[in-house]
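Asks: Mind having a look at this structure? Questions to follow.
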Amino acid sequence: MQMRVGLAGRRVLLASTSIFAFVIGGSSTSAFADSCAITRTGPGSAATVSNPSGATVNCINIQNNFTVTGNVSNAGSINANGSTAPTQNGITIDNSSVGGAISNSGTITASNIGIAVGTSEFVANTATVSGGITNGGTTSITGSSLTAAGISITNVTSASGGISNSGEILAGAGGGGISLQQMTSFSGGIFNTGTIVTGQDQSAISAGLISTFIGEVSNSGSITVGGPATVVACRSECSPAMSKTAGRSRRRAVSAYP
């Protein structure tokens with residue numbers, strides 16, 4: 001692992017390393033009010049939901065017990081500049097299920113979250129994703145709220161298939177990179193082979209309150225975190241297995257926080 005201190009107090013991790021492993025994520029847009037150009041509302045189902053290459057929309061919202069048996073994908077442009085959900089998130093899965101993967105190979109610009117599974121840390125959500133989440137494009141976060149992140153899975157029962165970033169997650173305004181909070185189980189690991197840049201005091205990868213986490217967290221790309229933030233952070237409330245492993249692996253780039 002190589003770490004150096006860069007400008008403006010940022011710490012840069014450029015490494016090919018497994019951070020730790022342990023068992024424990026249209027049309028032209030102008031004004032869309034509080035709805036997404038691509039909205040699927042249940043009950044109901046579809047094989048896939050996509051924003052194709054060359055198309056621009058404000059957001060994608062899958063809600064109210066809608067089932068996508070295959071993938072949810074963006075290959076075009078999403079500009080989610082709304083002030084409230086769901087228009088402040090690029091892709092939202094809200095009390096609905098995705099049997100395949102959620103993927104971005106285009107560009108997402110969002111004022112809060114690029115890809116959100118679940119909507120609030122205070123409200124339980126039945127959203128599920130079985131095929132993982134991949135970002136091979138560019139996800140830029142312009143907001144600086146505590147919930148702002150490139151990819152977020154929050155207060156759901158389970159998610160599988162892992163999370164991988166081979167593109168760019170740019171959250172320089174104050175957001176985090178990848179956040180997993182409050183769920184019974186997560187499997188598949190978290191892998192970064194691309195670029196993650198976070199805002200002040202925000203971790204690149206954050207996980208907490210997860211009962212069972214199966215997989216590894218690894219980086220072979222570039223991670224830049226703002227200020228005193230850590231590259232990987234695990235809440236002290238994590239399950240004993242997760243907290244214990246984070247403690248054994250602790251180094252400057254990996255830490256637990258209260």
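A short reminder: the numbers here are calculations on the coordinates, not readings from a lab. Bear in mind that the values here come from a model prediction, so they are computed numbers and not experimental data. Heads up, the Cβs are rebuilt from the backbone with ideal geometry, glycines too, and the neighbour counts pull from every protein chain shown.
Asks: Report the extension gain between residue 120 and residue 187 in nm, rounded to one decimal, defined as 0.36 nm multiplied by the number of residues separating them, less their alpha carbon distance.
Replies: 22.0 nm
Asks: Using the basic label-point model (7 angstrom from Cα toward the beta carbon), what is the residue 130 to residue 47 distance in nanometres?
Replies: Roughly 1.6 nm, to one decimal.
Asks: Still on this structure, I have one more. Along the Cα→Cβ direction, 7 angstrom out, place labels at residue 56 and residue 35. What is the inter-label distance in nm?
Replies: The modelled label-to-label distance comes out at 2.2 nm.
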